[in-house]
Amino acid sequence: MPAKDASEKSVLVLGAGLVVRPLLDELFARPNTSVTVAALNIDRARQLVEGHSRGRAVELDSSDRARLHEEVGRADAVVSLLPATLHVPVAKACLEHRVPLVTSSYVSDEMRALDQEAQSLGVLLLNETGLDPGIDHMMAAEVIRRVRKEGEEILAFASYAGGLPAPANNDNPWGYKLSWSPRAVLVSARSHVQYREGGEVHQFPHPYHPGAVRSLEVPRVGKLEVYPTRDSLKYQKPYRLEHLKDLFRGTLRYPGWCATLRSLLELDLLSLEPIECKGLTYRSLLAQRLAAPAGDVETKLAAHLGVEPGDDIIERFSWLGLLSDRALPEQPTAPLDLVATLFQDKLQYAPGEQDLVILEHHFIATRSGGGRRKIVKRLQVFGTAGDHSAMALTVGTPAGLACGLILDGKISLTGVRIPVSEELTVPILRGLEERGFAIEEVEEDLT
């Protein structure tokens with residue numbers, strides 16, 4: 001076999017889900033770059049590389065250590081779009097083979113623990129390169145750097161992001177359709193959250209606590225709900241905003257989402273502990289939870305939640321199928337997975353429908369010569385349901401651009417990183433704008 005040309009590069013992409021296509025579009029557009037898509041769903045992997053002479057599909061279970069190491073060892077870079085819980089074994093394989101890794105997921109404690117080893121080996125483990133987290137970091141870092149170069153100071157920062165049906169296709173009672181895993185959506189509802197407001201740290205056991213939810217008026221969309229996104233305070237250090245009295249990161253949804261998810265939590269329907277399901281229906285499960293006769297579930301449910309029987313929350317439960325006589329699985333199943341099944345069945349985009357991604361950063365900053373100003377950076381992206389949804393575009397494209405920079409030797413960083421340094425943020429944001437991602441900025445004098 002002839003030796004590999006030094007200019008030829010090989011990328012291993014792990015996963016074949018809904019956000020992979022735009023990533024592959026970036027990689028296949030590069031000359032002399034071959035791409036292997038490795039996934040459990042080999043048919044989907046083959047579909048993604050079809051028509052590309054430099055594409056290869058392989059069936060791979062990432063828990064198969066020998067096969068994983070075989071594929072990682074062939075690559076010049078790895079992009080993992082697997083579920084976040086599966087990234088660490090991939091990262092360890094990358095360290096063993098001295099191969100850089102890109103993911104779009106939050107940095108877990110287990111991933112962070114690999115930082116020192118990655119630095120000593122000179123390997124980059126780049127995480128949080130999607131939309132949120134990802135583009136949000138890049139937009140924020142650029143504004144913060146610019147303000148400081150002007151000799152001014154950031155006084156407050158709030159970030160808002162969400163993936164939603166476009167207004168024209170917002171046509172179900174939940175105001176939501178799936179652009180990523182239904183299980184992941186529901187697991188995130190269980191997340192502990194914290195942020196700082198007025199100098200005080202606010203902590204809640206889940207994002208939908210009434211004291212945590214707020215609203216935001218979004219141009220061209222209208223009034224949306226905002227709930228806190230995980231731990232806002234962990235970005236104090238990478239953003240160099242330890243001094244701020246107000247630091248908040250939130251997720252956007254159409255009105256009604258937060259109260260409805262809070263109701264699921266209150267009914268313990270998002271538990272991850274398997275329960276006996278044999279002989280039960282969704283309706284009889286709710287009856288058990290409410291200690292109510294099956295025929296009286298709606299009334300008991302409304303009373304339990306403190307709402308009227310005709311409330312929108314009851315309508316959402318009914319429309320989704322939580323009040324139906326649909327049989328539950330025979331085997332023990334976690335309540336969260338029972339709800340995820342209904343999400344999968346009912347909250348899908350129809351062919352041709354549009355989704356919308358919104359990302360807004362609101363800064364309060366000092367002004368030269370005195371006073372304060374508000375800076376708003378805004379990104380809105382519409383996409384078409386499927387492989388080129390707005391969510392897929394805003395997750396896959398920046399990950400692909402980051403991978404390209406690594407392959408071209410333009411990134412000197414090592415260790416466990418997120419994209420806040422100029423060598424990442426400047427070229428990736430420029431690449432996004434070149435691809436039609438319109439990032440707006442408006443400023444308002446507050447004096």
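The values are calculated or read from the model by the stated rules, or taken from the named source; none is laboratory data. Bear in mind that the values here come from a model prediction, so they are computed numbers and not experimental data. Here Cβ is always computed from backbone atoms with ideal geometry, including for glycine, and neighbour counts include all displayed protein chains. Note: accessible area is taken over every heavy atom of the protein model, side chains too, but ligands, DNA and RNA are not part of it. Shrake-Rupley method; radii C 1.70, N 1.55, O 1.52, S 1.80 Å.
Take the solvent-accessible surface of the protein heavy atoms, probe 1.4 Å, and return the percent of it on the chain that carbon and sulfur atoms account for. Before the final figure, lay out each step's value.
On the way: 9240 of 19010 Å².
For the chain, the apolar C and S fraction of the accessible surface comes to 49 percent.
Calculated FRET efficiency, ARG435 and GLU315, Cβ-Cβ r, R0 45 Å, to nearest 0.05?
Numbers: r = 40 Å, r/R0 = 0.89.
Efficiency at R0 = 45 Å is approximately 0.65.
Using the Cα centre of the chain as the reference point, and only Cβ charges (+1 on K/R, -1 on D/E), how large is the resulting charge dipole? Debye, rounded to the nearest 20. Spell out each step's value before the answer.
Working: 50 positive and 60 negative charges, 133 e Å.
Taking the Cα centre of the chain as origin, the dipole is about 640 debye.
Got a number for the accessible area of TRP180? Probe 1.4 Å, square angstrom, nearest 10.
Surface open to solvent at TRP180 totals about 100 Å².
Considering the chain as a Gaussian network with a 10 Å cut-off on Cα pairs, which listed residue, SER284, SER421, SER63, attains the greatest mean-square fluctuation?
SER63
When we measure straight from the Cα of LYS177, which lysines land under 16 angstrom away, once same-chain ones fewer than 8 places off are left out?
LYS346
Kindly give the semi-axes, whole Å and largest first, of the ellipsoid equivalent to segment 219-310, taking each as the square root of 5 times a Cα gyration tensor eigenvalue. All intermediate terms of the calculation are to be shown ahead of the outcome.
On the way: eigenvalues 279, 66, 23 Å².
Computed over segment 219-310, the values are 37, 18, 11 Å.
Counting every Cα pair in segment 125-195, what percent are over 16 Å apart? Mind dumping the intermediate values first?
On the way: 1687 of 2485 pairs.
Value for segment 125-195: 68 percent of Cα pairs lie more than 16 Å apart.
Hey, could you pull the Cα Rg and Dmax for segment 259-405, both in Å?
21.9, 72
Once you have the Cα-Cα distance between GLU422 and ARG367, take 0.36 nm times their residue separation minus that, and quote the gain in nm to one decimal. Numbers along the way, then the final one.
On the way: separation 55, 0.36 × 55 = 19.80 nm, distance 2.36 nm.
Between GLU422 and ARG367, full extension yields 17.4 nm more.
Normalised by the number of residues in segment 332-445, what is the relative contact order in percent for Cα pairs under 8 Å and 6+ residues apart? Please list the in-between numbers first.
Details: 119 pairs, mean separation 31.5, N = 114.
For segment 332-445, the relative contact order is 28 percent.
If packing is taken as the mean number of other Cβ atoms within 10 Å per residue, what is the order of 135-145, 9-19, highest first?
Numbers: 135-145: 22.0, 9-19: 23.5.
The densest-packed peptide leads the list: 9-19, 135-145.
Of the listed pairs LYS223/LYS300; LYS245/LYS377; LYS9/LYS410; LYS149/LYS237, which have alpha-carbon separations greater than 22 Å here?
Numbers: LYS223/LYS300 31 Å; LYS245/LYS377 20 Å; LYS9/LYS410 14 Å; LYS149/LYS237 18 Å.
Flagged as over cut-off: LYS223/LYS300.
For all pairs of alpha-carbon atoms in segment 45-183, what percent lies in each bin of width 10 Å, listed from the first bin to the last filled one?
It works out to 9, 28, 30, 23, 9, 1, in whole percents.
Dividing the alpha-carbon Rg of segment 73-136 by 2.2 N^0.38 Å yields what? Spell out each step's value before the answer.
Values: Rg = 11.0 Å, N = 64, 2.2 N^0.38 = 10.7 Å.
Relative to the 2.2 N^0.38 Å estimate, segment 73-136 comes out at 1.03.
Where nothing but the Cβ of Lys and Arg (+1) and of Asp and Glu (-1) is charged, how large is the charge dipole of segment 278-372 around its Cα centre, in debye to the nearest 20?
Working: 9 positive and 13 negative charges, 76 e Å.
Charge dipole, segment 278-372, about its Cα centre: 360 debye, nearest 20.
Which FRET efficiency value, to the nearest 0.05, do you get for GLN236 and ALA327 by plugging their Cβ-Cβ distance into 1/(1 + (r/R0)^6) with R0 = 56 Å? Spell out each step's value before the answer.
Values: r = 49 Å, r/R0 = 0.87.
That gives a FRET efficiency of 0.70.
Given springs between every Cα pair under 10 Å in a Gaussian network model of the chain, which of VAL420, VAL58, VAL35 has the largest fluctuation?
VAL58
With every protein chain left in place, what is the accessible area of GLU200 in Å² (1.4 Å probe, nearest 10)?
Around 110 Å² of this residue is reachable by solvent.
Lys/Arg Cβ at +1, Asp/Glu Cβ at -1, dipole of segment 351-411 taken about the Cα centre: which of HIS361, PRO351, LEU401 is farthest positive-ward?
HIS361
Let me know the Rg and Dmax you get for segment 8-88 when you use only its Cα atoms, in Å.
According to the Cα coordinates of segment 8-88, Rg and Dmax are 11.6, 33 Å.
Counting only protein chains, not ligands or nucleic acids, how are HIS97, HIS192, HIS362 ordered by accessible area (probe 1.4 Å), most first? Could the numbers behind the result be given before it?
Details: HIS97 65, HIS192 100, HIS362 30 Å².
The ranking, largest first, comes out as HIS192, HIS97, HIS362.
How big is the gap, in Å, between the Cα center of segment 371-445 and the Cα center of segment 147-191?
Using only Cα atoms, the two centres lie 15 Å from each other.
Kirkwood Rh over Cα pairs of segment 301-340 into Stokes-Einstein at 4 °C, 1.567 mPa s: D in µm²/s?
Numbers: Rh = 11.5 Å.
Translational D for this selection: 112 µm²/s.
Give, in whole angstrom and from largest to smallest, the semi-axes √(5λ) of the equivalent ellipsoid of segment 111-236, with λ running over the eigenvalues of the Cα gyration tensor.
Working: eigenvalues 156, 90, 61 Å².
The equivalent ellipsoid of segment 111-236 has semi-axes of 28, 21, 17 Å.
So, in nm, how far is label ARG74 from label GLU110 when the simple model puts each one 7 Å beyond its Cα toward the Cβ?
Placing both labels 7 Å beyond Cα along the Cβ direction yields 2.6 nm.
Once you've got the GNM for the chain with C-alpha springs shorter than 10 Å, pick whichever of PRO133, PRO351, PRO165 has the biggest mean-square fluctuation.
Result for the chain, Cα springs under 10 Å: PRO351 fluctuates most.
Measure off 7 Å from each Cα along the Cα-to-Cβ vector at ARG44 and GLU197, then give the distance between these two points in nanometres to one decimal.
3.7
Report the rotationally averaged projected area of the chain based on its alpha-carbon convex hull, in square nanometres.
Here the figure is 23.6 nm², rounded to one decimal.
Straight-line reach only, C-alpha to C-alpha below 17 angstrom: list the aspartates and glutamates that LYS278 could link to, leaving out same-chain residues fewer than 8 apart.
Here the aspartates and glutamates satisfying the reach criterion relative to LYS278 are ASP325, GLU330, ASP337.
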